[in-house]
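In what follows, a single structure is set out as C-alpha coordinates and then discussed.
The values are calculated or read from the model by the stated rules, or taken from the named source; none is laboratory data. Nothing here was measured: the structure is a model prediction, and the numbers come from that model. No Cβ is skipped: glycine too gets one built from the backbone with ideal geometry, and neighbour counts run over all protein chains shown. Please note that ligands, DNA and RNA were not included when accessible areas were found on the heavy atoms of the full protein model with its side chains. Shrake-Rupley method; radii C 1.70, N 1.55, O 1.52, S 1.80 Å.
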Amino acid sequence: MFALVGEVLVDLVREGGEGLFLRGALGGSSLNTAAVLARMGAEVVFFGEVGSDWVADWARAALPPLEAHLQTHPAPMPLALAEPDERGNARYSFHRPFTEPFRPPVDRLGSPAWFHFGSLYAFDPRTEGGVWALLRAAHRAGSLVSLDPNLRAQPDEAFWARFRAYLPFVHLLKLSLEDARLLFPEDPFRVRALGVPLVVLTLGEEGAVAWGPKEVRIPGRKVEVVDTIGAGDTFTAALLFLLHQRGLGAQKDLAFWRGEGLEEALEGAVELSALACTVRGAGLPEEGFSAWKRRWLDL
(Lines give C-alpha, C1' and ligand atoms only; values in the text may rest on other atoms or scores of the structure.)
Protein backbone atom coordinates (compact mmCIF):
# COMPACT_ATOMS: atom_id res chain seq x y z
CA MET A 1 0.00 0.00 0.00
CA PHE A 2 1.15 3.56 -0.79
CA ALA A 3 0.24 6.59 1.31
CA LEU A 4 0.66 10.14 0.09
CA VAL A 5 -0.05 13.63 1.42
CA GLY A 6 -0.29 16.82 -0.55
CA GLU A 7 -2.28 19.52 -2.18
CA VAL A 8 -5.48 19.02 -4.14
CA LEU A 9 -6.04 21.81 -6.61
CA VAL A 10 -7.46 22.48 -10.03
CA ASP A 11 -4.92 23.00 -12.80
CA LEU A 12 -6.11 25.57 -15.34
CA VAL A 13 -3.84 25.31 -18.37
CA ARG A 14 -3.83 28.19 -20.81
CA GLU A 15 -4.64 27.20 -24.37
CA GLY A 16 -3.17 28.93 -27.41
CA GLY A 17 -4.42 32.26 -28.71
CA GLU A 18 -4.50 35.82 -27.44
CA GLY A 19 -7.36 35.41 -24.98
CA LEU A 20 -7.25 33.78 -21.55
CA PHE A 21 -8.68 30.43 -22.58
CA LEU A 22 -8.18 27.80 -19.88
CA ARG A 23 -8.68 24.04 -19.68
CA GLY A 24 -9.18 22.54 -16.24
CA ALA A 25 -8.02 19.26 -14.72
CA LEU A 26 -7.49 17.91 -11.23
CA GLY A 27 -3.94 18.50 -10.05
CA GLY A 28 -1.44 18.76 -7.23
CA SER A 29 1.99 17.12 -7.25
CA SER A 30 1.36 14.29 -4.77
CA LEU A 31 -2.17 13.75 -6.07
CA ASN A 32 -0.79 13.36 -9.60
CA THR A 33 1.57 10.68 -8.28
CA ALA A 34 -1.26 9.01 -6.36
CA ALA A 35 -3.46 8.97 -9.47
CA VAL A 36 -0.81 7.18 -11.55
CA LEU A 37 -0.19 4.66 -8.76
CA ALA A 38 -3.93 3.96 -8.59
CA ARG A 39 -4.06 3.46 -12.37
CA MET A 40 -1.27 0.91 -11.97
CA GLY A 41 -3.53 -1.07 -9.66
CA ALA A 42 -1.87 -0.08 -6.38
CA GLU A 43 -3.77 0.37 -3.13
CA VAL A 44 -3.45 4.09 -2.40
CA VAL A 45 -4.38 6.25 0.59
CA PHE A 46 -4.26 10.01 0.06
CA PHE A 47 -4.45 12.85 2.60
CA GLY A 48 -5.26 16.39 1.55
CA GLU A 49 -7.75 19.26 1.63
CA VAL A 50 -10.56 20.68 -0.47
CA GLY A 51 -12.74 23.78 -0.41
CA SER A 52 -16.50 24.02 -0.15
CA ASP A 53 -17.54 25.63 -3.44
CA TRP A 54 -18.87 23.98 -6.61
CA VAL A 55 -15.31 23.55 -7.89
CA ALA A 56 -14.57 21.44 -4.80
CA ASP A 57 -17.63 19.31 -5.57
CA TRP A 58 -16.25 18.76 -9.06
CA ALA A 59 -12.81 17.93 -7.66
CA ARG A 60 -14.20 15.29 -5.29
CA ALA A 61 -16.10 13.69 -8.15
CA ALA A 62 -12.97 13.71 -10.34
CA LEU A 63 -10.73 11.94 -7.81
CA PRO A 64 -9.04 8.75 -9.04
CA PRO A 65 -9.99 5.38 -7.45
CA LEU A 66 -8.20 5.71 -4.14
CA GLU A 67 -8.97 6.10 -0.44
CA ALA A 68 -9.08 9.86 0.14
CA HIS A 69 -9.15 11.65 3.49
CA LEU A 70 -9.86 15.29 2.68
CA GLN A 71 -10.24 18.08 5.21
CA THR A 72 -12.91 20.53 4.06
CA HIS A 73 -12.36 24.29 4.41
CA PRO A 74 -15.05 27.00 4.23
CA ALA A 75 -13.26 28.58 1.26
CA PRO A 76 -13.01 28.27 -2.52
CA MET A 77 -10.98 25.49 -4.12
CA PRO A 78 -7.24 26.19 -4.66
CA LEU A 79 -6.24 26.85 -8.27
CA ALA A 80 -3.02 26.65 -10.27
CA LEU A 81 -2.95 28.57 -13.55
CA ALA A 82 -0.30 27.23 -15.92
CA GLU A 83 1.02 28.71 -19.15
CA PRO A 84 3.27 26.34 -21.15
CA ASP A 85 6.03 27.93 -23.24
CA GLU A 86 7.13 26.83 -26.70
CA ARG A 87 9.15 23.94 -25.18
CA GLY A 88 6.25 22.73 -23.04
CA ASN A 89 7.63 24.04 -19.73
CA ALA A 90 5.03 25.90 -17.68
CA ARG A 91 5.06 28.98 -15.53
CA TYR A 92 2.48 29.07 -12.75
CA SER A 93 0.18 31.38 -10.85
CA PHE A 94 -1.07 29.78 -7.62
CA HIS A 95 -4.22 30.77 -5.72
CA ARG A 96 -4.39 29.21 -2.24
CA PRO A 97 -7.30 30.49 -0.10
CA PHE A 98 -7.08 28.13 2.92
CA THR A 99 -6.06 29.63 6.28
CA GLU A 100 -6.85 26.94 8.88
CA PRO A 101 -4.16 24.38 9.85
CA PHE A 102 -4.10 21.01 8.14
CA ARG A 103 -5.23 18.26 10.54
CA PRO A 104 -5.22 14.84 8.85
CA PRO A 105 -6.73 11.72 10.46
CA VAL A 106 -3.39 10.06 11.26
CA ASP A 107 -5.13 6.95 12.59
CA ARG A 108 -6.21 6.16 9.00
CA LEU A 109 -2.62 5.92 7.74
CA GLY A 110 -2.12 2.24 8.54
CA SER A 111 1.27 0.70 7.71
CA PRO A 112 2.06 1.66 4.11
CA ALA A 113 5.03 0.23 2.25
CA TRP A 114 5.87 3.74 1.03
CA PHE A 115 4.92 7.18 2.34
CA HIS A 116 5.40 10.03 -0.15
CA PHE A 117 5.25 13.78 0.45
CA GLY A 118 6.69 17.01 -0.87
CA SER A 119 6.10 20.06 -3.05
CA LEU A 120 5.25 23.45 -1.53
CA TYR A 121 2.73 21.69 0.68
CA ALA A 122 5.44 20.16 2.87
CA PHE A 123 7.14 23.52 3.46
CA ASP A 124 4.09 25.67 4.24
CA PRO A 125 3.80 26.63 7.95
CA ARG A 126 0.02 26.11 7.69
CA THR A 127 0.30 22.48 6.58
CA GLU A 128 3.65 21.22 7.89
CA GLY A 129 2.25 20.22 11.29
CA GLY A 130 -0.13 17.76 9.65
CA VAL A 131 2.59 16.53 7.30
CA TRP A 132 4.90 15.92 10.25
CA ALA A 133 2.20 13.97 12.09
CA LEU A 134 1.80 11.62 9.13
CA LEU A 135 5.55 11.40 8.52
CA ARG A 136 6.31 10.40 12.10
CA ALA A 137 3.50 7.82 12.05
CA ALA A 138 4.85 6.34 8.81
CA HIS A 139 8.35 6.21 10.28
CA ARG A 140 7.08 4.36 13.37
CA ALA A 141 5.21 1.93 11.10
CA GLY A 142 8.45 1.02 9.28
CA SER A 143 7.42 2.61 5.97
CA LEU A 144 9.90 3.75 3.38
CA VAL A 145 9.69 7.51 2.87
CA SER A 146 10.14 9.47 -0.35
CA LEU A 147 10.35 13.25 -0.73
CA ASP A 148 10.05 15.41 -3.85
CA PRO A 149 10.57 19.09 -2.91
CA ASN A 150 9.38 20.27 -6.35
CA LEU A 151 10.84 23.74 -5.88
CA ARG A 152 9.39 26.77 -7.67
CA ALA A 153 11.72 29.49 -6.39
CA GLN A 154 15.10 30.07 -4.74
CA PRO A 155 14.96 28.43 -1.27
CA ASP A 156 15.19 30.73 1.75
CA GLU A 157 16.43 29.99 5.27
CA ALA A 158 13.00 28.76 6.40
CA PHE A 159 12.91 26.24 3.54
CA TRP A 160 16.41 24.98 4.36
CA ALA A 161 15.50 24.54 8.03
CA ARG A 162 12.48 22.42 7.14
CA PHE A 163 14.35 20.53 4.43
CA ARG A 164 17.20 19.58 6.77
CA ALA A 165 14.68 18.49 9.42
CA TYR A 166 12.96 16.16 6.94
CA LEU A 167 16.08 14.53 5.49
CA PRO A 168 16.85 12.11 8.39
CA PHE A 169 13.40 10.53 7.82
CA VAL A 170 13.82 10.24 4.03
CA HIS A 171 14.98 7.09 2.21
CA LEU A 172 14.42 8.31 -1.36
CA LEU A 173 14.96 11.92 -2.38
CA LYS A 174 13.70 12.66 -5.88
CA LEU A 175 14.58 15.98 -7.48
CA SER A 176 14.58 17.55 -10.91
CA LEU A 177 17.67 19.21 -12.30
CA GLU A 178 15.88 22.54 -11.78
CA ASP A 179 15.42 21.66 -8.09
CA ALA A 180 19.10 20.80 -7.76
CA ARG A 181 20.18 24.05 -9.41
CA LEU A 182 18.03 26.05 -6.99
CA LEU A 183 19.50 24.17 -4.02
CA PHE A 184 23.11 24.27 -5.18
CA PRO A 185 23.59 26.79 -8.01
CA GLU A 186 27.35 26.28 -8.04
CA ASP A 187 27.16 22.48 -8.34
CA PRO A 188 23.72 20.84 -8.70
CA PHE A 189 25.21 17.36 -8.30
CA ARG A 190 25.93 18.10 -4.64
CA VAL A 191 22.47 16.68 -3.97
CA ARG A 192 24.01 13.21 -4.02
CA ALA A 193 25.84 14.06 -0.77
CA LEU A 194 22.77 14.98 1.31
CA GLY A 195 22.98 11.77 3.33
CA VAL A 196 19.88 10.07 1.89
CA PRO A 197 20.16 6.32 1.03
CA LEU A 198 18.85 6.86 -2.51
CA VAL A 199 18.92 10.15 -4.43
CA VAL A 200 17.31 10.30 -7.88
CA LEU A 201 17.79 13.28 -10.17
CA THR A 202 15.68 13.70 -13.30
CA LEU A 203 17.49 15.40 -16.19
CA GLY A 204 14.66 16.27 -18.56
CA GLU A 205 15.30 15.03 -22.07
CA GLU A 206 18.65 13.64 -20.86
CA GLY A 207 16.98 10.99 -18.68
CA ALA A 208 17.79 10.43 -15.00
CA VAL A 209 20.58 9.44 -12.65
CA ALA A 210 20.41 7.69 -9.27
CA TRP A 211 22.94 7.50 -6.45
CA GLY A 212 22.41 4.74 -3.91
CA PRO A 213 24.15 1.42 -3.31
CA LYS A 214 25.39 2.00 -6.86
CA GLU A 215 25.20 4.79 -9.40
CA VAL A 216 22.83 4.29 -12.34
CA ARG A 217 22.16 6.60 -15.27
CA ILE A 218 19.40 6.09 -17.85
CA PRO A 219 19.21 8.16 -21.07
CA GLY A 220 16.05 10.04 -22.00
CA ARG A 221 13.38 9.00 -24.47
CA LYS A 222 12.74 11.15 -27.53
CA VAL A 223 9.08 12.16 -27.80
CA GLU A 224 7.11 15.03 -29.27
CA VAL A 225 6.58 17.21 -26.20
CA VAL A 226 3.18 18.85 -25.72
CA ASP A 227 4.01 20.04 -22.19
CA THR A 228 5.91 18.76 -19.16
CA ILE A 229 3.13 19.29 -16.59
CA GLY A 230 2.95 16.26 -14.29
CA ALA A 231 5.90 14.46 -15.90
CA GLY A 232 7.96 14.53 -12.71
CA ASP A 233 5.03 13.28 -10.63
CA THR A 234 4.48 10.45 -13.12
CA PHE A 235 8.18 9.58 -12.89
CA THR A 236 7.86 9.34 -9.11
CA ALA A 237 4.85 7.04 -9.29
CA ALA A 238 6.57 4.66 -11.69
CA LEU A 239 9.78 4.66 -9.66
CA LEU A 240 8.03 3.90 -6.36
CA PHE A 241 5.85 1.18 -7.86
CA LEU A 242 8.72 -0.54 -9.68
CA LEU A 243 11.05 -0.37 -6.67
CA HIS A 244 8.30 -1.88 -4.53
CA GLN A 245 7.68 -4.55 -7.14
CA ARG A 246 11.40 -5.39 -7.05
CA GLY A 247 11.54 -5.91 -3.30
CA LEU A 248 11.66 -2.53 -1.52
CA GLY A 249 8.55 -2.54 0.63
CA ALA A 250 9.70 -1.54 4.12
CA GLN A 251 12.56 0.22 5.92
CA LYS A 252 14.05 -3.13 6.93
CA ASP A 253 14.61 -4.02 3.27
CA LEU A 254 17.24 -1.30 2.91
CA ALA A 255 19.65 -3.16 5.19
CA PHE A 256 19.99 -5.92 2.60
CA TRP A 257 19.45 -3.92 -0.59
CA ARG A 258 22.41 -3.59 -2.93
CA GLY A 259 20.61 -1.80 -5.72
CA GLU A 260 18.89 -4.82 -7.25
CA GLY A 261 16.24 -3.67 -9.71
CA LEU A 262 17.26 0.00 -9.52
CA GLU A 263 18.32 0.21 -13.17
CA GLU A 264 15.07 -1.35 -14.38
CA ALA A 265 12.96 0.87 -12.12
CA LEU A 266 14.76 3.98 -13.30
CA GLU A 267 14.38 2.97 -16.95
CA GLY A 268 10.66 2.34 -16.55
CA ALA A 269 10.18 5.67 -14.77
CA VAL A 270 12.02 7.58 -17.50
CA GLU A 271 9.90 5.89 -20.16
CA LEU A 272 6.60 6.67 -18.43
CA SER A 273 7.51 10.30 -17.67
CA ALA A 274 8.37 10.81 -21.34
CA LEU A 275 4.94 9.45 -22.24
CA ALA A 276 3.37 12.00 -19.88
CA CYS A 277 4.96 14.78 -21.93
CA THR A 278 2.98 13.78 -25.04
CA VAL A 279 -0.39 15.01 -23.71
CA ARG A 280 -1.65 18.36 -22.42
CA GLY A 281 -1.58 18.71 -18.63
CA ALA A 282 -0.96 16.01 -16.03
CA GLY A 283 -2.09 12.69 -17.49
CA LEU A 284 -1.20 9.74 -19.69
CA PRO A 285 -2.54 8.56 -23.05
CA GLU A 286 -4.50 5.36 -22.43
CA GLU A 287 -3.04 3.35 -25.30
CA GLY A 288 0.56 4.25 -24.44
CA PHE A 289 0.00 3.63 -20.74
CA SER A 290 -1.50 0.21 -21.44
CA ALA A 291 1.56 -0.71 -23.51
CA TRP A 292 3.84 0.51 -20.71
CA LYS A 293 2.00 -1.64 -18.14
CA ARG A 294 2.26 -4.71 -20.37
CA ARG A 295 6.02 -4.21 -20.61
CA TRP A 296 6.86 -3.22 -17.04
CA LEU A 297 4.09 -4.69 -14.89
CA ASP A 298 3.44 -7.94 -16.80
CA LEU A 299 -0.21 -6.92 -17.30
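If I take all pairs of Cα atoms in segment 152-230, what percentage of them are more than 14 Å from each other?
That fraction is 67 percent.
Which translational diffusion coefficient, to the nearest whole µm²/s, is obtained for segment 170-299 from the Stokes-Einstein equation, given a Kirkwood hydrodynamic radius over C-alpha pairs, 37 °C and 0.692 mPa s?
For the chosen part, D equals 218 µm²/s.
Quick query: amide H of residue 43 versus all other amide H atoms, modeled in the peptide plane; which residues come in under 5 Å with a sequence gap of 5 or more or a different chain?
2
Per residue, how much accessible area does the chain have with a 1.4 Å probe, in Å²?
On a per-residue basis, 44 Å².
Based on the Kirkwood radius over alpha-carbon pairs, what is the Stokes-Einstein translational diffusion coefficient of segment 41-85 at 4 °C with 1.567 mPa s viscosity, in µm²/s?
Approximately 109 µm²/s, per Stokes-Einstein.
What's the center-to-center distance, using Cα atoms, between segment 146-201 and segment 94-118 in Å?
20
Determine the equivalent ellipsoid of segment 211-282 by diagonalising the alpha-carbon gyration tensor, then write out the semi-axes as square roots of 5 times the eigenvalues, largest first, rounded to whole Å.
Each semi-axis is √(5λ); the values are 26, 13, 8 Å.
Enumerate the calculated ³J(HN,Hα) couplings along segment 125-132 in order (Karplus 6.51 cos²θ - 1.76 cosθ + 1.60, θ = phi - 60°), each rounded to whole Hz, writing x wherever the residue is Gly or Pro.
Karplus values, whole Hz, x for Gly and Pro: x, 5, 10, 5, x, x, 5, 4.
Quick one: which of 251-258, 271-278 comes out on top by average Cβ neighbours within 10 Å, and what's the full order, highest first?
271-278, 251-258
Can you give the calculated 222 nm mean residue ellipticity of the chain, where each DSSP H run of n ≥ 4 adds -39,500 (n - 2.57) and the sum is split over every residue, rounded to the nearest 500 deg cm²/dmol?
-9000 deg cm²/dmol
Semi-axes, largest first, in whole Å: what does sqrt of 5 times each Cα gyration tensor eigenvalue give for segment 104-160?
23, 12, 8
For segment 28-150, what is the convex hull volume of the alpha-carbon atoms per residue, in Å³?
119
Taking K and R as +1 and D and E as -1, what net charge do the other residues with C-beta under 13 Å from the C-beta of residue 155 add up to?
0
Let me know the volume per residue of the alpha-carbon convex hull for the chain, in Å³.
Taking only Cα atoms, the chain has a hull volume of 128 Å³ per residue.
Which percent of the accessible heavy-atom area of segment 148-279 goes to carbon and sulfur, probe 1.4 angstrom?
Carbon and sulfur atoms account for 51 percent of the accessible area of segment 148-279.
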